[in-house]
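The values are calculated or read from the model by the stated rules, or taken from the named source; none is laboratory data. Quick caveat: nothing in here was measured; it's all calculated off a predicted structure. Note: ideal-geometry Cβ built from the backbone for every residue, glycine included; neighbour counts use all protein chains shown. Please note that ligands, DNA and RNA were not included when accessible areas were found on the heavy atoms of the full protein model with its side chains. Shrake-Rupley method; radii C 1.70, N 1.55, O 1.52, S 1.80 Å.
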Amino acid sequence: MPYQTEEIAAIVTESMSQISERGCILCGGVTHEVLSGVEDNRFGVPGTYAVHECAACGLEQIDPRPRRDDLKKLYESYYNFGGQRGTVYGRLREKFFASWLYRVWLVLDGDGSFHSRKGSGTLLDIGCNEGRGLQIYERNGFLPEGLELNAKAAGVAREAGFRVYETDLEDFRPTVPYDVVVLSNVLEHSLDPKRMLHDVAGILKPGGQVWISCPNNQSWLRTVFGHAWINWHVPFHIVHFSTSTLRSLLESTGFAGIEIRQVTPALWVASSIIARLFARRGRATRQLRNPLLVAALLILGRTVLSPLLYIGNRSGRGDCLLATAQLPCNNPFQKRVA
Ligand SMILES: [Zn+2]
């Protein structure tokens with residue numbers, strides 16, 4: 001049952017009064033405000049947030065930080081437009097992802113979800129949603145499984161034939177460790193990203209890899225769009241990484257061989273443009289799911305704006321970070337697997 005707006009407002013207000021003076025989410029250091037007055041521009045979640053930067057480790061994070069229970073309620077009430085299915089936008093999107101056109105698109109647009117990587121071995125997609133990625137990873141040679149807390153989405157992925165666990169990562173104990181763990185636009189949602197990477201390390205084989213994609217807080221689109229930048233995504237994006245804060249976090253959790261590069265998905269550019277034009281306080285921005293508008297802006301992004309996106313990526317100011325890292329063969333964290 002969705003929560004009423006008043007209940008959500010009460011949750012947000014209470015969270016603000018209780019938690020705003022906490023230190024850095026990673027290191028406990030002192031944080032200072034770098035941006036205020038950020039509001040949700042996708043689903044109409046009430047509340048205003050600030051972005052703080054840690055003076056010690058440089059990580060950006062939202063303030064106030066929602067509590068775990070409150071966040072769960074917010075996901076249930078709002079996320080992905082209340083999990084609506086069967087829309088024209090949804091059907092067209094699924095067709096697109098299943099077509100050869102998507103493979104061409106990945107070459108042109110950059111691959112923000114590791115969908116063009118071929119390989120072998122076991123792979124866990126954390127936050128696999130309805131299993132679209134699982135199908136692609138399987139097609140590319142992997143033996144994929146998923147972790148998904150949303151029971152409805154997990155059910156859809158299972159119907160397609162995949163093994164999907166509905167467990168918190170911290171409680172997850174696979175019988176056999178994985179070759180690859182994918183965190184595609186997941187780590188920035190975590191209230192404890194260090195713990196998340198420790199938990200990932202605990203379920204990887206020695207020499208196994210983690211693949212991470214997340215927004216880049218150094219993106220030039222953040223500068224251009226300001227508060228409308230689609231990747232603020234309050235209150236769901238808790239932390240905002242740069243190349244250097246992501247690298248430090250990976251190193252501090254035992255990973256090596258770290259490679260980080262950047263892409264700028266045209267969909268993210270289109271989303272920031274739509275949010276800038278249409279978002280209104282307290283209302284879901286339905287235009288984010290308007291197929292014609294989105295398609296037109298995707299074409300704009302990949303034609304007229306393409307040189308800018310390329311220069312952004314090459315100069316360290318692309319919109320999306322793509323990191324791969326490997327556990328050393330003497331994995332110091334491998335103690336979780338039965
Ligand atoms: Zn810090």
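If you build a Gaussian network model of the chain, linking Cα atoms that sit under 10 Å apart, which residue out of V51, V104, V234 swings the most?
It is V104.
Kindly write out, for the range 32-45 in residue order, the coupling ³J(HN,Hα) from the Karplus curve 6.51 cos²θ - 1.76 cosθ + 1.60 (θ = phi - 60°), rounded to whole Hz, with x marking Gly and Pro.
Each residue of the range 32-45 in turn: 10, 6, 10, 7, 10, x, 8, 10, 5, 10, 10, 10, x, 5 Hz.
Label the chain by shape, choosing from rounded, prolate and oblate, from the square roots a ≥ b ≥ c of the eigenvalues of the Cα gyration tensor; if a/c is under 1.5 it is rounded, and otherwise prolate applies when a/b is larger than b/c, oblate when it is not.
Working: a/c = 1.27, a/b = 1.09, b/c = 1.16.
Rounded.
Report, largest value first, the span of the C-alpha coordinates of the range 245-338 along each principal axis, in whole Å.
For the range 245-338, the Cα extents along the three principal axes come out at 51, 33, 21 Å.
Assuming 0.36 nm per residue, please report the length gained on full extension of the stretch D192 to T48 beyond their Cα-Cα distance.
The span from D192 to T48 would gain 49.7 nm if fully extended.
Using label points projected 7 Å from each Cα along Cα→Cβ, tell me how many nm separate V34 and S315, to one decimal.
1.8
What does the accessible area per residue of the chain come to in Å², with a 1.4 Å probe and no ligands, DNA or RNA counted?
Accessible surface, normalised per residue, equals 46 Å².
Show H227, H198 ordered by accessible area, largest first, where the area counts protein heavy atoms only and the probe is 1.4 Å.
I get H227, H198, largest accessible area first.
Relative contact order of the range 192-338, please, whole-number percent, based on alpha carbon pairs below 8 angstrom and at least 6 residues apart.
Relative contact order here is 48 percent.
Give me the extension gain from V224 to E138: residue separation times 0.36 nm, minus the current Cα-Cα distance, reported in nm with one decimal.
Taking V224 through E138 to full extension adds about 27.2 nm, to one decimal.
State which entries of K95/K118; K152/K194; K95/K194 exceed 32 angstrom in Cα-Cα distance in the structure shown.
K95/K194
In nm, to one decimal, how far is the E159 label point from the D69 one, both placed 7 Å along Cα→Cβ?
3.3
Just want to confirm a number: the relative contact order over the chain, from Cα pairs under 8 angstrom separated by 6+ residues, in percent.
Relative contact order of the chain: 21 percent.
Amide H neighbours of S184 under 5 Å, at least 5 residues apart or on other chains, H built in the peptide plane: list them.
Residues meeting the amide H criterion: I126, S213.
At a 1.4 Å probe radius, which order do E170, E251 fall into by accessible area, largest first?
Values: E170 60, E251 105 Å².
If we order E170, E251 from most to least accessible, we get E251, E170.
Calculated FRET efficiency, S252 and R281, Cβ-Cβ r, R0 45 Å, to nearest 0.05?
Step by step, r from the Cβ atoms, then E = 0.75.
Which cross-chain or sequence-distant (5 or more) residues have an amide H under 5 Å from the amide H of E145, H modelled 1.01 Å from N in plane?
Those lying under 5 Å, H to H, from E145 are L123, L124, D125.
With the full set of protein chains in place, find how many percent of the accessible area of the chain is carbon and sulfur; take the probe as 1.4 Å.
54
Rg and Dmax in Å for the range 176-239, alpha carbons only: what are they?
Just the Cα atoms of the range 176-239 yield Rg and Dmax of 14.4, 46 Å.
Cα centroid distance between the range 59-74 and the range 233-297, in Å?
First find each Cα centre; the distance between them is then 17 Å.
With springs only between Cα atoms under 10 Å apart, run a GNM on the chain and tell me which of G316, G119, G133 wobbles the most.
G119
In the range 253-338, what trypsin sites (Lys or Arg not before Pro) fall in a loop by DSSP, with at most 16 other Cβ atoms inside 10 Å?
Taking the range 253-338 and a limit of 16 other Cβ atoms within 10 Å, the loop trypsin sites (Lys or Arg not before Pro) found are R280, R281, R283, K335.
So for C214, C329, what's the accessible-area order with a 1.4 Å probe, most first?
So the residues, ranked largest to smallest area, are C329, C214.
In sequence order, what are the phi-derived ³J(HN,Hα) couplings for the range 254-259 according to the Karplus relation 6.51 cos²θ - 1.76 cosθ + 1.60 with θ = phi - 60°, rounded to whole Hz, with x for glycine and proline?
So the Karplus estimates, Gly and Pro as x, are x, 8, 9, x, 6, 10 Hz.
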